[in-house]
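A quick write-up on the structure given underneath.
Each value in this text was obtained by applying a stated rule to the coordinates, not by laboratory testing. Since the structure is predicted, the reported quantities are computational estimates derived from the model, not experimental observations. All Cβ positions, even for glycine, are placed from backbone atoms using ideal geometry, and neighbour counts span all protein chains on display.
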Amino acid sequence: MRLGIISALHEEQQGLVEAMQSPTKLTHAMREVWVGQLWEIDAVCVLSRIGKVAAAMTATLLVEKFGVTHIVFTGVAGSADPSVRVGDIVVAESLLQHDMDASPLFPRYEVPLTGLTHFPSDRRLALQLAEAGQAFLQHDLQHAIDGVERNAFALQAPRLHRGLIASADQFVGSRERIRALSGALPGLLAVEMEGAAVAQVCVELGVPFGVIRTISDNANENAATDFMRFVKSVAAQYAFHIVRRLCLA
Ligand code: ADE
């Protein structure tokens, strides 16, 4: 097994790279790629940057050039459901590109000529990620994130959810837009900008993948401010400890 870990943000990758045993830095396609071991597992860490093309490129490189056998994407997302709160974790069971619309040639959201709107993540990896996320919430959160920040983000009892994540080349920052999306997509839990692109690449290449996201904002008018605050102060702790739990399991 060789695990590829994609993060969209520098803050999230930093801790993982520091935890790597015998890391080697390679530069390819305008990306820094770190190859080494994470808690005894062969791993490759890379920053995708933001957006579907960047994420698809990164996933393809990881498989075709760096020989990874499994891919995990860690990052943050906006909530698409009132029961999913800032600080909660969402593990994708399936992913959809909400800006894909080739209608009337193909049904809305269907990726043309694949017959798919929803790309399922690997069941085993999704389960392992959910267990890692749950273990983080139960055992690590309390000491990994200091009390002032836990209060600032109201991280009293964050929960883990599993279900649909939708991606697009679009930061969602209005109540009207997020309501329209959740109305159109039953079971939608969160929105972000990379997961469904990684999903399509991995399904096409036959590589098991999983996506785990921490909710940084409510995809409303405050989303950009909330996102920046969350990413600056706590997102890295989530990413680090969840991957650590995953590797040690
Ligand atoms: N990632 C984190 N928050 C997001 C939002 N509101 N829209 C898209 N991607 C996000």
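Computed quantities for the displayed model
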item: For HIS70, residues with placed amide H under 5 Å, excluding near neighbours; result: ARG2, GLY4
item: Of all DSSP beta bridges in segment 3-240, antiparallel share, percent nearest 5; result: 40 percent
item: Distance between modelled label sites at HIS28 and ARG108, nm, 7 Å Cα→Cβ extension; result: 4.0 nm
item: Mean ellipticity per residue at 222 nm, deg cm²/dmol - from DSSP H runs of n ≥ 4 across the chain, formula -39500 (n - 2.57); result: -11000 deg cm²/dmol
item: Separation in nanometres of the label points that stand 7 Å from Cα toward Cβ, at ASP99 and SER83; result: 3.0 nm
item: Computed FRET value (nearest 0.05) for ALA184 with ARG159, which takes r as the C-beta separation and R₀ as 25 Å; result: 0.55
item: Rounded if a/c under 1.5, otherwise prolate or oblate - segment 39-128, Cα gyration tensor axes; result: oblate
item: Pair GLN170, GLU221: separation of 7 Å Cα→Cβ label points (nm); result: 2.0 nm
item: Listed residue (LEU47, LEU127, ALA190) projecting farthest to the positive dipole end of segment 40-191, Cβ model; result: ALA190
item: Mean Cα-pair separation over length for the chain, i.e. relative contact order, pairs under 8 Å, 6 or more apart, %; result: 29 percent
item: Gain on full stretching of the segment that runs from GLN37 to ILE50 - 0.36 nm per residue minus C-alpha separation; result: 2.2 nm
